[in-house]
Ligand code: ACO
């Protein structure tokens, strides 16, 4: 793009993109040089590559954007999930999440995310048949599980096993083959619940339960978790609540784990490996691990009388109010509103839980407190989901694993969209280099400094280290 001093730039028009505001440009003046630039605006966005023309000299690399957590940078174009964080709106392929939770099922939503349209009745029948008939995992996966310590975190096991699936389906590396993509989508959505349930059974020292093709997706998962004798019948209220939770967690546009899937997927790797990256990102306490952290927080609070002291410690920044706050929602997370309705139904089936009283009171007090409302901190999806899982008898360590089950369909949908995107390039951010340059190598005998390595290795571990 030419500078204004060279030519008077015509407004840029990109007619190829729907919704582009035609003729919109941004005028930028670089006060270092006095030069002005016209930068095209499309979809309310500028291309940061257009900043590169802004230079102080011919050998200057050119200007870049600095956005370490992508807080104001669109990394892709996507037509899957729409969020209006200020208004608390979430839609999949344009359909509000409230309608999907009310009228649809998780498997239908998974189809919608991946294929872009709700399925016709025969398409849905075929889709459910295909998912249901790929739920078995290779017997060798059981051997992997046996290699884990008895107290291995199930999310670590899931992460390893999802990555391992790529070795069972090596043809998945043909990522441009539609048939392979379809099979990978089916296998991932079908097998992740089996791998998740087996991780749980391993941690409990219980024999693994095989999938039951007669059951619905959520009933089958509950059966693989809890079946002890020949028959297992999930309470329909619990199966329904779990299905709704699956819908609510299916996709959430460019969150940390989806960004990980897209970043790894941009290298052209197979979808199992890309999805394993998503599982790894979801493992973190600021993302999928938050509902686990919420339960631990509620247990630590112990009684409603302790809530004021707890909130004081949050305000003093000694604690975080887990399950509150969101990068995108600066209003009540719409998913939290829907889940809240199901908590009571689940507790009707499973019996009272004193943690619910603590959660309800904590939410009320936080929303009455200017510290939280002025920062737009409202309950997010994880504030109540953990209570439902706990009421179902699911141990806390499994919460994030259960989050990964429905999110798999979102990851697959995003991976597929990415691989059909003409703008796809391998992800490779820039950096602002802040280190030293052109230093000479110092021989060991000429080096000064403390004897000990600073940081963790020099400190005594608080607990004895486990194992070798
Ligand atoms: N408790 C107390 N204070 C908080 C919290 C919280 N949960 N979340 C944010 N704040 C405060 C910050 O300290 C900051 O205050 P300041 O401006 O006075 O410094 C302000 O609110 C803005 O917070 P940021 O950290 O800038 O918000 P960001 O968008 O980076 O973080 C996040 C979002 C990570 C979700 C954060 O709110 C958080 O850690 N929440 C708790 C963990 C959680 O529930 N995660 C689940 C997210 S939903 C999901 O992944 C499915």
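Taken together, the values in this text are just the output of simple stated rules run on the coordinates, not laboratory data. Here the structure is a predicted model, which is why all the values come from computation and not from measurement. A quick note on method: Cβ atoms are made from the backbone with ideal geometry, for glycine too, and the neighbour counts reach across all protein chains shown.
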Rounded to the nearest 10 degrees, the helix 290-301 long axis (Cα) sits at an angle to the longest Cα principal axis of the chain of 60 degrees
Residue separation between residue 425 and residue 330 times 0.36 nm, minus their alpha-carbon distance, gives in nm 31.0 nm
PRE zone check, label point 7 Å out along Cα-to-Cβ of residue 48, amide N under 18 Å, scope the stretch 68-104, hits 68-78
Relative contact order in percent for the chain (Cα pairs under 8 Å, 6+ apart) equals 17 percent
With a Förster distance of 25 angstrom and the Cβ-Cβ distance between residue 177 and residue 120, calculated FRET efficiency to the nearest 0.05 equals 0.55
The helix 236-248 Cα axis meets the longest alpha-carbon principal axis of the chain at an angle in degrees, between 0 and 90 and rounded to 10, of 10 degrees
Fewest to most Cβ atoms within 10 Å: 335, 327 sort as 327, 335
Proxy exposure order for 174, 150, 326 (fewest C-beta within 10 Å first) is 150, 174, 326
Taking the chain and counting helices only, DSSP H stretches of n ≥ 4 at -39,500 (n - 2.57) each over all residues, the nearest-500 ellipticity at 222 nm comes to -14000 deg cm²/dmol
Packing-ranked peptide list from 267-274, 395-402, highest mean Cβ count within 10 angstrom first, is 395-402, 267-274
Of 301-307, 130-136, 436-442, ordering from highest average Cβ density within 10 Å down gives 130-136, 301-307, 436-442
The helix 106-115 Cα axis meets the longest alpha-carbon principal axis of the chain at an angle in degrees, between 0 and 90 and rounded to 10, of 30 degrees
By the mean-Cβ-within-10 Å protection proxy, highest first, 88-98, 114-124, 360-370 rank as 88-98, 360-370, 114-124
Once residue 344 and residue 315 are pulled to full extension, the length gained, defined as 0.36 nm per residue separation minus their Cα-Cα distance, is 7.5 nm
extent check for the stretch 22-160: Cα max minus min per principal axis, descending, whole Å, gives 67, 43, 26
Taking r as the C-beta separation of residue 436 and residue 70 and R0 as 22 Å, the FRET efficiency to the nearest 0.05 is 0.20
When 203, 385 are arranged by how many other beta-carbons sit within 10 Å of their Cβ, fewest first, they go 203, 385
Taking a ≥ b ≥ c as the square roots of the eigenvalues of the Cα gyration tensor, with a/c under 1.5 meaning rounded and otherwise prolate when a/b exceeds b/c and oblate if not, the stretch 276-365 is oblate
Long-range alpha-carbon pairs in the chain, meaning those over 32 Å apart, account in percent for 49 percent
Residue span residue 57 to residue 453: 0.36 nm per residue of separation minus Cα-Cα distance leaves a gain in nm of 138.3 nm
Taking a crude spin-label model, label points 7 Å out from Cα along the C-beta direction, the residue 300 to residue 337 distance in nm is 3.1 nm
The FRET efficiency for residue 151 and residue 287, from their Cβ-Cβ distance with R0 = 25 Å and rounded to 0.05, is 0.65
